[in-house]
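The values are calculated or read from the model by the stated rules, or taken from the named source; none is laboratory data. It should be emphasised that the depicted structure is a prediction, and the values quoted were computed from it without experimental measurement. Cβ: placed from backbone, ideal geometry, glycine included. Neighbour counts: every protein chain shown. Ligands, DNA and RNA are excluded from the accessible area calculation, which covers all protein heavy atoms including side chains. Shrake-Rupley method; radii C 1.70, N 1.55, O 1.52, S 1.80 Å.
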Amino acid sequence: MVRVFPVVGGNFAQYVWRNFHGGDIISGKMVERIQVVGGVGHKTADGVGIACRVSRPSTSGVFYGSNPLEDSFSALLLDVVFVILIIHLLHLFLRPLHQPKIVSQILGGFIIGPSVLGHNNNFRLHLFPEDVSFLLTNIGLIGFMYFLFISGVKTDLSLIKKAGKKEYSIASFSVVVPLLLNISFALLIRKSMNEDLAKFSSIGAITSSLAITAFPVVHPILHELNLLSSEVGRMSMSISIISDAVGINAVIAFEAAIQGETDAINSLWYLISLIVLLGFIVFGVRRAMHWIVKRTPEGQAVEQGFVVAILLGVLIMGFLTDLFGIAILNGPLWLGMAIPDGPPLGSTLVERSETIISELLMPVSFAFVGLYTDVFEMAKAGWPTLAPLFFLALAGHFFKLGATLVASLYFQLPVRDSLAVSFIMCLRGQVEIVLLLHWMDKKIIKIPEFTMLVLMTATVTAIVTPLVSILYDPTKPYMVNKRRTIQHLPPGTKMKIVVCIEDQGDVAALVSLLDMSNPTVVSPFSIYALHLIELVGRAAPVFIDHKKSKAPSKYTASDSIHNALKLYEEARSELVKLHTYTAVAPKRTMNQDICELGLIKRANLIILPFSRNGEHSGVRLQNMNISVLEHAPCSVGILVDKCNLHSPMVGQSFWNSAQHFVVLFLGGADAREALAYADRVIGNQDVYVSVIRFLSQNSKGDNEFEKKLDDGMVTWFWVKNETNERVIYREVVVRNGAETIAAIQTMNDDSYDLVVVGRKQGINPVLLEGLSNWSNQNELGIIGDFVASEDFTAASSILVMQQQVLRDQGQFSSGVCGKIRFDIR
């Protein structure tokens, strides 16, 4: 309930005390308390009206006739839930259109504001009365503070040092040129602007913000587009962080000019305060953070007390920046940038706070923004008032796009990549909205202009993001037209293998598999060992070539993994050449690092780890494997380790007894690749190989072309090895999938140490009839999934092979497989 009390003069608090006994209204047996709502009121005949909301400290419940929405806290809880649901529903509908979450958040706030639902008086008075709006405003500001803090924690300032001439030039050109052009354009239309906007300091503030691309905005959108590990994504992040460093000087200069409009000495105090605060952060806070990192034992998380202290420090920095007259949200951002990214400190802070910030506080922040957007105020202001700022903002976006495009083309980036980078540099989001709020606080713009610019921010990002997805496909370069498989590797040629390692537990099985794969003097191995570390606590992915640079101390796990592999290299020095790498990236984009390494090194095989963990981490690894299978530039093997391949000691005799392999040959390109691998393994005198070929009864369902290729491969293999006592070949005829599984179950007796099976390309569907619902792990294929499952209790490890899919062949085609050459080795 809202009541308006006329106050002609005097102190309002005294007025309330005199008339309502200290703020309480006695109404029967119910005691009501007056809450003063700041900044909103209506004029009455007696004078200025102060808007107050009568709020009961507690309600008895709906069954006693009370309305819970009359209590501010109950209304606030409902509002938070309502906003979060709207944003998630919008994102659910907009995600198929390649819209980033920021668009859904802006639209969600817009919907609850006075432009849509809030225009209804009943909705506004019951769900968003003035006191609740006041609470949302303050919580929303805190949300923005913590968002910028976490963005600062993730920011990798080393990108500035690592960037080359190309990134520096594009970043500088894409900031300076749009800034100068936009200032010139603003001066041309200055006469049509209102008094506040026409000030040179206001023009400078707006044009400088339009020239900058904020790193905290670019990173989450690139993350949603799976472009963080791509060439364009890495370049865009470097350019954005450099442009921030260049453009922030212009922002500070114009901010100082605004401070000095009333008195020139204010500008000096502003700059002195800024220098003092930055000095405190750099020489005080940053050293304290490094001390915390050194104090934390290796491999352990930072103590809870330090985490709490740092999170409280966000609020303290906000208070200090406000105290010194600096924009309140600068302090949390600078504090975050002072914290070392990655483990242990940066990753701990992100892991423990990011979900609450992004999923709970940020929706409230955009509710706060939405409450300030009002299209009806825009309509009242009229087009003549809004037109100058509209055209200034529109020109700023075009100047930014054009300048980035020209600079990118000058450095000979492909046209599509240049356009993608240019569009990414035009992205707008949270930082721009924070700046709009700051401008409104400084009286540069008002509600109509604020509403227009917020809608422009959402519109530009909504248009640009899908265009980036259309223009740039990070996986396109990986699939090639040249054969890079085991089957097509000429005799006496070095075999190149990319080995992916998730943790130290993968090393022993991989070393054993590599040694059994029979590296020889005539056909040695070049092994490219890639340690995969999930990106946490930093924004920019890292790819480390250990021959060129040493891994940071925070990634010491890589050292122990690579040291174990080096022992194997030393033991097989003439047969194996090892190259070690570390990729720190999100699991969803890690496939790009793997495929790019395979492409550059012209690998014949990529070996991936397999996780039995059904939790979130296991699902992410499965998705990574599927992405590699879809886009790999060579053949792929997935090793399912059942802990039976571990060698007793690296560097000595690897096997105390013979090792038994079985190849389940169900036909198709993947099965042929598995058989080609088995042919190589046979050269190892300690390995016995059994090949079981599955055929359909009466050749039902056979593809004639695939059958001919299978027959040719099997004939070549058997002619070469029929006198070899370590090779067994037999055929099994089945009528459906059930008989296929029954035949495989006869081997469920620990007779074999490794089961090698093709994934799925070209398999006769009759052999799998009725099994389609059995498979839970799409990455392994139906048969691979069964052999790896608990239903197959044998201790055999499994190697699932997929032969390279050529670019012109299409994904997982089971048709023409190209020209096949059978080499007698």
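One table, with the values for the structure above:
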item: In the stretch 418-517, trypsin sites (Lys or Arg not before Pro) in a DSSP loop with at most 15 other beta-carbon atoms within 10 Å; result: LYS443, LYS482, LYS494
item: ³J(HN,Hα), Karplus 6.51/-1.76/1.60, whole Hz, each residue of the stretch 177-182, x for Gly, Pro; result: 5, x, 4, 5, 5, 5
item: Sulfur and carbon atoms: percent of accessible area, the stretch 312-452 [1.4 Å]; result: 70
item: Amide proton proximity set for ILE445, modelled H, under 5 Å, gap of 5+; result: MET440
item: Partners for LYS547 among lysines (Cα-Cα distance below 25 Å; same-chain residues under 8 apart left out); result: LYS161, LYS162, LYS165, LYS166, LYS494, LYS496, LYS566, LYS577, LYS587, LYS601
item: Cβ-derived FRET efficiency at R0 51 Å, GLN300 paired with ALA658, nearest 0.05; result: 0.70
item: For the stretch 154-167, Karplus couplings with θ = phi - 60° (6.51, -1.76, 1.60), whole Hz, Gly/Pro x; result: 6, 5, 9, 5, 5, 4, 5, 6, 6, 5, x, 4, 4, 5
item: Distance between modelled label sites at SER469 and ASP791, nm, 7 Å Cα→Cβ extension; result: 3.6
item: Modelled FRET efficiency - R0 45 Å, GLN685 with ILE160, Cβ distances, 0.05 increments; result: 0.20
item: Separation of alpha-carbon centers, the stretch 131-146 and the stretch 687-735, rounded to whole Å; result: 70
item: Filter on LYS191/LYS446; LYS101/LYS442; LYS191/LYS443; LYS101/LYS154 - keep pairs with C-alpha separation over 21 Å; result: LYS101/LYS442
item: Charge tally in the Cβ shell below 14 Å around ILE445, where Lys, Arg are +1 and Asp, Glu are -1, ILE445 excluded; result: -3
item: Anisotropy class of the stretch 344-399 from Cα gyration tensor, a/c 1.5 cut; result: oblate
item: Net lengthening on full extension, THR746/SER560 (0.36 nm per residue, minus Cα-Cα); result: 62.9 nm
item: Derived scalar couplings ³J(HN,Hα) [the stretch 524-532; Karplus, 6.51 cos²θ - 1.76 cosθ + 1.60; whole Hz; x for Gly, Pro]; result: x, 9, 10, 9, 10, 8, 10, 7, 9
item: Highest average packing first - 334-344, 134-144, Cβ atoms within 10 Å; result: 334-344, 134-144
item: PHE376 versus ALA288: modelled label distance in nm, points set 7 Å from Cα along the beta carbon direction; result: 4.8
item: Point-to-point label distance, VAL276-ASN623, nm (Cα→Cβ direction, 7 Å offset); result: 4.8
item: Average projected area [Cα convex hull, the stretch 298-362], square nanometres; result: 4.7
item: For the stretch 463-533: rounded, prolate or oblate by the Cα gyration tensor [a/c cutoff 1.5]; result: oblate
item: Prolate/oblate/rounded call for the stretch 65-152, Cα gyration tensor, a/c under 1.5 rounded; result: oblate
item: Difference of contour (0.36 nm per residue) and Cα-Cα distance, LYS548 to ASN481; result: 21.0 nm
item: Length added when fully stretched, GLN697-ALA738, from 0.36 nm per residue minus Cα-Cα; result: 13.4 nm
item: Amide H contacts of ILE606 (H built 1.01 Å from N, under 5 Å, at least 5 apart or other chain); result: VAL498, SER635, VAL636, GLY637
item: Cα-based reach from LYS707 at 28 Å (exclusive), listing lysines while leaving out same-chain residues under 8 positions away; result: LYS482, LYS720, LYS760, LYS819
item: Percentage relative contact order, the stretch 124-266, counting C-alpha pairs under 8 Å, at least six apart; result: 30
item: Hull volume in cubic angstrom per residue (convex hull over the Cα atoms of the stretch 410-453); result: 99
item: Range of Cα positions in the stretch 390-532 per principal axis (Å), largest first; result: 76, 36, 22
